[in-house]
Amino acid sequence: MVKKTFLFIFLCVQVIVLAGQTIICSENISKEMICDEEILTAIALYRTKNFSQEDPLLLVDLFREGDLNKYRIYPDDDIWAPIFRQPDCIIIIDPFTIVYLYTPDYQKTKDSSFLSILEQKMSGVFNTLIKYNWKDMTVEVYPERDTYVVIYDPALTEYVFENGVLIETNAILDLKMFYEDLYIPPHYFLRYRVFDPRFVSSPQR
C-alpha cells in the first residue's frame, strides 16, 4: 500500500514536471504525428515505474496503427545515439535527461538548426563538449574519454493510446523498437552494438 501511494505521488510529480516541457522538433517531419499529451504521459509513466533509472537518454519510437498510437521506450547512455538514428524531436526533461522521439519520418534529413540544438543539449546532459560530424558520421568528445561496453539489459516498455486514452501497457523482455538504426560504423557494430535491441527490421509490431 505504501509503495503504491509512493508511486502515485511520484507519478503526479512527473506529470507536473513534464507538463511544462517543450517538444523541439525538426522542420522536416509531419507535425500532425505529434501528440504532446500522449508522449508526455508515456514518459511520465515510464519514469514512475523506473524512477531509479540513471540512463540520461530515453529513446521513444512512435508507430501509428489505425486509431492506435504506440510508443516504445528504451533507456540508453550512448553518446553515439544521434549518429545511429537522428531523432525527429527532443524533449529536455531536466539537466540530466533528454528524450529522443522517432516517428515514421525518422529517415528524413534533419535541418541544421535542429541538429545544433541536439548537439548543445547532448553536451549539457553529459556535461562535456560533444561535436557531431553529420557528414562523416563521427563523434568528438572533449576532453577525450574511453568508450566502454554496456551490458545488454533491456528495459523496454510499450504504451498504446487510442484517441488520446492509454489502453494498454506492455513490458516484454524480447520487445523490439519499431525502427532500425540507419548508420552504424562497422567497427562500432562489431565491438559494441551486437546485442542492441534496435537492430531489427523496420517497422516491427
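The values are calculated or read from the model by the stated rules, or taken from the named source; none is laboratory data. Since this is a predicted model, take the numbers as computed values, not measurements. Ideal geometry is used to build each Cβ from the backbone, glycine not excepted, and the neighbour counts take in all protein chains shown. The accessibility values were calculated without ligands, DNA or RNA, using every heavy atom of the protein model including side chains. Shrake-Rupley method; radii C 1.70, N 1.55, O 1.52, S 1.80 Å.
The table below gives the values:
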read-out: Residue satisfying all of: in the range 157-187; charged (D, E, K, R) and not in a strand (DSSP E or B); most open to solvent (accessible area, probe 1.4 Å) among these; value: Asp174
read-out: Filter result for Asp78 (open to solvent by less than 40 Å² (accessible area, probe 1.4 Å), closer than 29 Å to Pro186 by Cα, in a strand (DSSP E or B) and among the acidic types (Asp, Glu)); value: no
read-out: Selection count where residues are among the polar types (S, T, N, Q) and at pLDDT 85 or above, scope the range 18-35; value: 3
read-out: Glu54, sole failed condition from (1) touching a strand residue (DSSP E or B) at 6+ places or on another chain (Cβ under 9 Å); (2) modelled with pLDDT of 80 or more; value: (2)
read-out: Single match in Tyr132, Tyr159 (criterion: farther than 18 Å from Val60 by Cα and either touching a helix residue (DSSP H, G or I) at 6+ places or on another chain (Cβ under 6 Å) or modelled with pLDDT under 90 (or both)); value: Tyr132
read-out: Residue check, Thr109 at negative phi and open to solvent by 90 Å² or more (accessible area, probe 1.4 Å); value: yes
read-out: Output for the range 81-92, where each listed residue is open to solvent by less than 10 Å² (accessible area, probe 1.4 Å), in contact with a Lys or Arg (Cβ under 9 Å, 6 or more places away or on another chain) and among the β-branched types (Val, Ile, Thr); value: Ile90
